[in-house]
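Here's the structure we're looking at; comments come further down.
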Amino acid sequence: MNNQKKRASARIEPFRHRVETDPKFFDKSWRKLHDAIREIYKQNASGLSFEELYRTAYNMVLHKFGSKLYEKLTENLKEHLEEMRASVEAAQGGLFLEELQRKWDDHNKALSMIRDILMYMDRTYIPTNHKTAVFDLGLELWRDTIVRFPMIQGRLLDTLLELIHRERTGEVINRCLMRSSTKMLMDLGSSVYQDDFERPFLEVSASFYSGESQQFIECCACGEYLKQAERRLSEESERVSQYMDVKTNEKITAVVVKEMLANHMQRLILMENSGLVNMLVEDKYEDLSRMYTLFNHVPDGLTTIRNVMMSHIKDTGKSLVTDPERLRDPVDFVQRLLNEKDKYDNIINVSFNNDKSFLNALNSSFEHFINLNTRSPEFISLFVDDKLRKGVKEANEDDLETVLDKVMMLFRYLQEKDLFEKYYKQHLAKRLLSGKAASDDSERSMLVKLKTECGYQFTSKLEGMFTDLKTSEDTTQGFYASATSLDLVDAPTISVQILTTGSWPTQPCNTCNLPPEIIAVSEKFRAYYLGTHNGRRLTWQTNMGHADIKATFGNGSKHELNVSTYQMCVLMLFNSSDALTYREIEQSTAIPAADLKRCLQSLALVKGKQVLRKEPMSRDIADDDSFCVNDKFTSKLFKVKIGTVVAQKETDPEKLETRQRVEEDRKPQIEAAIVRIMKSRRVLDHNSIMTEVTKQLQPRFLPNPVVIKKRIESLIEREFLERDKTDRKMYRYLA
């Protein structure tokens, strides 16, 4: 126990040797550093021993004089900066910035050397005591002593802003000096650059561009004004890249956009004779592209452009589809629509960067005004009929395909696609039966497009027409190969097209009195066909056929005339009569009056095709008008094609009849949609049924709410649905 106590009480005495320092050590050392700093600022540093100076500063910090050294350094730097400030203040005019820059460069060089001498203090004393590093201290002192000295601060800002203003007005300035001046502010810290330069610069710029924009807009057209705005934006961006902080670019751009564009947006876009509408009308692609690019920077800028464009397209489209003059020619009507579509497609593609929101706006506008005209489905079908009959003039199959693709765009806008189907079926039937289709490939290509767009049901009957024609060709060949036709050697040759009733459009059966030669062979064919097909019935459609007749005229000229069945019936009468009145022809042929008059007009009044002469010569045909063969008829062609004067558009009764047929066809489709919906939902309220039915049928036609309501009532009567006993607006499906 005693030995343990002795060990615990033993201790080691610290080393007590005292190091004696010179009482004047700090003063002597500081004097040496003070003189060195003075020489550095005088740019006489070449004679200094930096190693010795470093050792001196090192020893001062080592001997705990770091705090005192830091204070002395701060005071010394202030003294030198005050001398520099006096020199900068004394500089006059344009020399002010140059002198400031020169002193700034001198100060930076001096700080670099001083930092090297005091490196040990920078590494030990300053981090421990949370002081500002030597170089940063020098920058702060420069900021507070010179840059933010009232007399210099205001003068520096005014000088910089003045130089920028002069550059904006076209003068050439010293950009290198500007760059070094703004870089000095950036080096002093982002807050110095922003507070002492950037913020005032943006305020002055806003004022400048506010005044300039007001001046420009009073005297410039929209296109010229936008060029000025574009030029100013480009100049400011380039100016920032040359001598400002890169972050300033976004801010100055926002200022220019606000003052030159946003504040005048409505006035510019709606400017009379030069605004957006004028650019659209005149196809000013460059100006439109510039407007799109510039207003892309403005909040709601593109929305405003888009709305004005939509309004303009709707207005011009409405005038196009409701103008009575333009409705006289359906082909020209649709061609104008296609031209408008091409025009705005090009504008959006070239000038609006193919912006999808603009494409949607264009589609919405076209859908709006095309459906303002209830005859648009008919006219589009007539346009397709014209192109597929003759082909696009002086164009090949590829060009025709392009036209059909464009027409399909218009077709997509139609709300009554089923009405288009009715007309298209009629026109296709006429093309196929008259042999006037441009090409089988083009016809089938159009069917594929419609099938892709609307589904198999839309085109199934149309495809049935082509099947019928192929079957008819085989049947005719079979007829002439059979024993039935052996005694028809001298009879006219016929080619019969057998049409399935469901596939072809319903035609009023206007039979006429065929010539005896034709009756004989047609009855033979009827017997052959009914003998090979049990349970079928044939009805001749004399209003749809055509014939080739060999004719010899009084002057000895011989021609082969390509005519309709009605025209053939009329011409064959003149084999046994020299002259006939209209009434006699009507009684002999039993052709309906309207068709007969058109038939006689085409035979007697069409220039170059006048195989008959009419007395008296007038366009209108009266009951007592007389007709005879034109003995003087001549033509350069042996084969002469005589068309029929036809009304291209439907007459009002025909139009009403077509509309009624379409309305009748819609009823079962609406009922089918209602049953489908109710079968899956079981119970549904009235408004929901209306919405669902409209949504389902919209790809084909836009159902009338009144008709939907009537169909619901009809289904209730037939016990497919019932009303809820407590809520009359609710319907239940009955299994």
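The values are calculated or read from the model by the stated rules, or taken from the named source; none is laboratory data. All values derive from a computational prediction rather than experimental measurement. With ideal geometry, Cβ positions are generated from the backbone for all residues, glycine too; neighbour counts draw on all protein chains shown. With ligands, DNA and RNA removed, areas are computed over all heavy atoms of the protein, side chains included. Shrake-Rupley method; radii C 1.70, N 1.55, O 1.52, S 1.80 Å.
Being touching a strand residue (DSSP E or B) at 6+ places or on another chain (Cβ under 8 Å) and in a helix (DSSP H, G or I) is the filter here, so list the residues in the range 571-594 that pass it.
Looking only at the range 571-594, we keep the residues that are touching a strand residue (DSSP E or B) at 6+ places or on another chain (Cβ under 8 Å), and these are 571-574, 578-582, 585, 588.
Result: L571, M572, L573, Y582, I585, S588.
Part of a helix (DSSP H, G or I) and open to solvent by less than 50 Å² (accessible area, probe 1.4 Å): does that describe Q567?
Details: part of a helix (DSSP H, G or I): yes; open to solvent by less than 50 Å² (accessible area, probe 1.4 Å): yes.
Against the criterion (part of a helix (DSSP H, G or I) and open to solvent by less than 50 Å² (accessible area, probe 1.4 Å)), Q567 qualifies.
How many of the residues in the range 1-56 are modelled with pLDDT of 75 or more and not aromatic (F, W, Y)?
27
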Count of residues meeting criterion [open to solvent by 50 Å² or more (accessible area, probe 1.4 Å), outside any loop (DSSP other than H, G, I, E, B) and not polar (S, T, N, Q)] in the range 360-378: 2
Criterion: assigned by TED's automatic domain parsing to the domain that holds K636, closer than 24 Å to A491 by Cα and touching a Gly at 6+ places or on another chain (Cβ under 6 Å) - qualifying residue of T552, T565, T539, T532: T565
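Before we move on, is R676 at pLDDT below 85, assigned to a helix (DSSP H, G or I) and either outside the structural domain of G556 (by TED's automatic domain parsing) or exposed (fewer than 14 other Cβ atoms within 10 Å of the Cβ) (or both)?
Here the answer is no, as R676 does not meet what is asked.
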Any hit, the range 130-152, residues being of a type in the set (S, T, N, Q), out of contact with any helix residue (DSSP H, G or I) (no Cβ under 6 Å at 6 or more places or on another chain) and open to solvent by 60 Å² or more (accessible area, probe 1.4 Å): no
Residue in the range 605-619 that is farther than 13 Å from V570 by Cα and acidic (D, E) present: yes
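Within the range 346-364, is there a residue that is in contact with a His (Cβ under 9 Å, 6 or more places away or on another chain), over 30 Å from N249 (Cβ atoms) and either basic (K, R) or at pLDDT below 95 (or both)? Please lay out each step first, then the result.
Step one: filter the range 346-364 for residues in contact with a His (Cβ under 9 Å, 6 or more places away or on another chain), giving none.
No, there is no match, as no residue in the range 346-364 is in contact with a His (Cβ under 9 Å, 6 or more places away or on another chain), over 30 Å from N249 (Cβ atoms) and either basic (K, R) or at pLDDT below 95 (or both).
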Neighbours by Cβ (under 6 Å, 6+ apart or cross-chain): first from the range 606-626, within 16 Å of Q567 (Cβ to Cβ); second open to solvent by 70 Å² or more (accessible area, probe 1.4 Å): I621/K597
Residues (at pLDDT below 80 and more than 18 Å from L530 (Cβ to Cβ)) located in the range 462-503: L486, D487, V489, D490, A491, G502, S503
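Against the condition in contact with a Lys or Arg (Cβ under 6 Å, 6 or more places away or on another chain), part of a helix (DSSP H, G or I) and not basic (K, R), how does M84 come out, does it pass? Please lay out each step first, then the result.
On the way: in contact with a Lys or Arg (Cβ under 6 Å, 6 or more places away or on another chain): yes; part of a helix (DSSP H, G or I): yes; not basic (K, R): yes.
Considered against the rule, which asks whether it is in contact with a Lys or Arg (Cβ under 6 Å, 6 or more places away or on another chain), part of a helix (DSSP H, G or I) and not basic (K, R), M84 comes out as yes.
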So T694, is it under 21 Å from F420 (Cα atoms), among the polar types (S, T, N, Q) and either in contact (Cβ under 8 Å) with a residue 24 or more places away in the chain or outside the structural domain of Y413 (by TED's automatic domain parsing) (or both): yes
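Restricting to the range 601-626, name every residue that is within 53 Å of the chain's Cα centre (by Cα) and surrounded by 10 or more Cβ atoms within 10 Å (Cβ to Cβ).
Initial filter on the range 601-626 (within 53 Å of the chain's Cα centre (by Cα)): 601-610, 619-620.
If the condition is that a residue be within 53 Å of the chain's Cα centre (by Cα) and surrounded by 10 or more Cβ atoms within 10 Å (Cβ to Cβ), then Q601, S602, L603, A604, L605, V606, G608, K609, Q610 are the ones that fit.
For the range 257-281, which positions are on the phi < 0 side of the Ramachandran plot and part of a loop (DSSP other than H, G, I, E, B)? Steps first, answer last, please.
Just the residues of the range 257-281 that are on the phi < 0 side of the Ramachandran plot, to begin with: 257-272, 274-281.
Scanning the range 257-281 gives L270, M271, E272, S274, G275.
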Test: F333 is surrounded by 13 or more Cβ atoms within 10 Å (Cβ to Cβ) and either outside the structural domain of H368 (by TED's automatic domain parsing) or under 21 Å from S351 (Cα atoms) (or both): no
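Within the group S602, S635, which residue is in the same structural domain as E586 (by TED's automatic domain parsing), modelled with pLDDT of 80 or more, among the polar types (S, T, N, Q) and assigned to a loop (DSSP other than H, G, I, E, B)? It would help to see each step written out before you state the result.
Values: S602 fails: assigned to a loop (DSSP other than H, G, I, E, B).
The unique qualifying residue is S635.
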Pairs, first of a type in the set (S, T, Y) in the range 579-595, second exposed (fewer than 15 other Cβ atoms within 10 Å of the Cβ) and assigned to a helix (DSSP H, G or I), C-beta under 8 Å, six or more apart: none
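Among the listed residues V645, V640, V629, identify the single one that is over 40 Å from the mean Cα position of the chain (by Cα), modelled with pLDDT under 65, open to solvent by less than 60 Å² (accessible area, probe 1.4 Å) and among the aliphatic types (A, V, I, L, M).
On the way: V640 fails: modelled with pLDDT under 65; V629 fails: modelled with pLDDT under 65.
Criteria check complete, one pass: V645.
Can you tell me which of L188, L156, L177 is touching a Ser or Thr at 6+ places or on another chain (Cβ under 9 Å) and either open to solvent by less than 30 Å² (accessible area, probe 1.4 Å) or without any contact (Cβ under 8 Å) to a residue 12 or more places away in the chain (or both)?
Working: L188 fails: touching a Ser or Thr at 6+ places or on another chain (Cβ under 9 Å); L177 fails: touching a Ser or Thr at 6+ places or on another chain (Cβ under 9 Å).
Every option except L156 fails the conditions.
Residue by residue through the range 437-483, note down the ones that are hydroxyl-bearing (S, T, Y) and part of a loop (DSSP other than H, G, I, E, B).
Matches in the range 437-483: S439, S482.
Within the range 191-219, track down each residue that is closer than 24 Å to N296 by Cα and either in contact (Cβ under 8 Å) with a residue 40 or more places away in the chain or touching a helix residue (DSSP H, G or I) at 6+ places or on another chain (Cβ under 7 Å) (or both). Give the derivation first.
Of all residues in the range 191-219, those closer than 24 Å to N296 by Cα come to 202-203, 205-218.
Hits for the range 191-219 are L202, S205, A206, F208, Y209, S210, E212, S213, F216, I217.
Residues D116, D158, D136, D106: which one is of a type in the set (D, E, K, R), at pLDDT 90 or above, under 58 Å from the mean Cα position of the chain (by Cα) and not assigned by TED's automatic domain parsing to the domain that holds D245? So that I can check it myself, show each step before the final result.
On the way: D116 fails: under 58 Å from the mean Cα position of the chain (by Cα); D158 fails: not assigned by TED's automatic domain parsing to the domain that holds D245; D106 fails: under 58 Å from the mean Cα position of the chain (by Cα).
Of the residues listed, the single one that is of a type in the set (D, E, K, R), at pLDDT 90 or above, under 58 Å from the mean Cα position of the chain (by Cα) and not assigned by TED's automatic domain parsing to the domain that holds D245 is D136.
With respect to K318, determine if the residue is touching a residue at least 12 places away in the same chain (Cβ under 8 Å) and either among the aromatic types (F, W, Y) or crowded, with 17+ Cβ neighbours inside 10 Å (or both). If you could, list the steps in order and put the result at the bottom.
Numbers: touching a residue at least 12 places away in the same chain (Cβ under 8 Å): yes; either among the aromatic types (F, W, Y) or crowded, with 17+ Cβ neighbours inside 10 Å (or both): no.
In short, no.
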Residue satisfying all of: in the range 515-564; open to solvent by 30 Å² or more (accessible area, probe 1.4 Å) and in a strand (DSSP E or B); farthest from D595 (Cα to Cα) among these: K558
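What number of residues within the range 428-472 satisfy the criterion of being open to solvent by less than 30 Å² (accessible area, probe 1.4 Å), over 28 Å from F701 (Cα atoms) and of a type in the set (D, E)? Show your work before the answer.
Taking the range 428-472 as the starting set, the residues that turn out to be open to solvent by less than 30 Å² (accessible area, probe 1.4 Å) are 428-429, 431-433, 439, 442-443, 445-447, 450, 455, 458-459, 462, 464-466, 468, 472.
Restricting the remaining residues to those that are over 28 Å from F701 (Cα atoms) gives 433, 439, 468, 472.
Next cut, of a type in the set (D, E) only: 468.
Residues flagged as open to solvent by less than 30 Å² (accessible area, probe 1.4 Å), over 28 Å from F701 (Cα atoms) and of a type in the set (D, E) within the range 428-472 amount to 1.
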Residues located in the range 535-559, provided they are small (G, A, S) and touching a residue at least 12 places away in the same chain (Cβ under 8 Å): G545, A547, A551, G554, S557
